[in-house]
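The values are calculated or read from the model by the stated rules, or taken from the named source; none is laboratory data. In this text the structure is predicted, and so the values were computed from the model without any measurement. Using ideal geometry, Cβ is built from the backbone for each residue, glycine included, and neighbour counts are taken over all protein chains shown.
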Amino acid sequence: MQNKNKMNKQRGVVAIEFVLGFMALFYVLIFWVELCIMGFISSAVDYAIAESSRNARTSANSDYTDVFMRTINDNDSTWARFLDRNKFNISVRYYESYNDATSPNSQGSEEREDNPIALYRVSYDYSSVFNWVGGLQNITLAREVFGIQEFERDQFSQ
């Protein structure tokens, strides 16, 4: 008789445990999806800067900044369909020498003439897919690549 009374007192415990466990599992799953999306976008930004900087530094066109930005904006690959191109920030800075490029006080120049070293910078303003309370809202994913402009190579000296 005592066992039967004990079982009646524990009604609904399984349902409560299921709901609490399911909620925790759901939040972990949503967090995992958010991390996967962020990883994909981070990889896409890496790919974008790698391809764009390669095209710009090997281009015979004299305007490397234009080639770089055109490559990013005109890319028809799969990753480009998933990204908002308006969230990209692109900049190119030029340096005269290796010492100039590695100096912490040097800002570089926007002038490409007689500056064979280029710093390509791409950043993407990532907005969280899911609205986390006190969590990830807006993150800037940034990548930089130094490159020697192939058609300015004769001016490069350390």
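Taking segment 73-103 only, how many residues are at pLDDT below 80 and charged (D, E, K, R)?
Residues that pass the stated criteria total 5.
Scanning segment 82-103 for residues that are free of Cβ contacts under 8 Å to residues at least 60 places away in the same chain and not in a strand (DSSP E or B) yields a total of 12.
Every residue, every condition in (1) more than 30 Å from Leu29 (Cα to Cα); (2) assigned to a helix (DSSP H, G or I); (3) at pLDDT 75 or above; (4) in contact with a Ser or Thr (Cβ under 6 Å, 6 or more places away or on another chain), yes or no:
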site: Asp46; (1), (2), (3), (4): no, yes, yes, no
site: Ile49; (1), (2), (3), (4): yes, yes, yes, no
site: Asn105; (1), (2), (3), (4): yes, no, yes, no
site: Arg121; (1), (2), (3), (4): yes, no, yes, yes
site: Gly135; (1), (2), (3), (4): no, no, no, no
site: Thr140; (1), (2), (3), (4): no, no, yes, yes
site: Ser157; (1), (2), (3), (4): yes, no, no, no
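The set of residues in segment 123-132 being small (Gly, Ala, Ser), surrounded by fewer than 17 Cβ atoms within 10 Å (Cβ to Cβ) and either in contact with a Pro (Cβ under 8 Å, 6 or more places away or on another chain) or assigned to a strand (DSSP E or B) (or both) consists of Ser127 alone.
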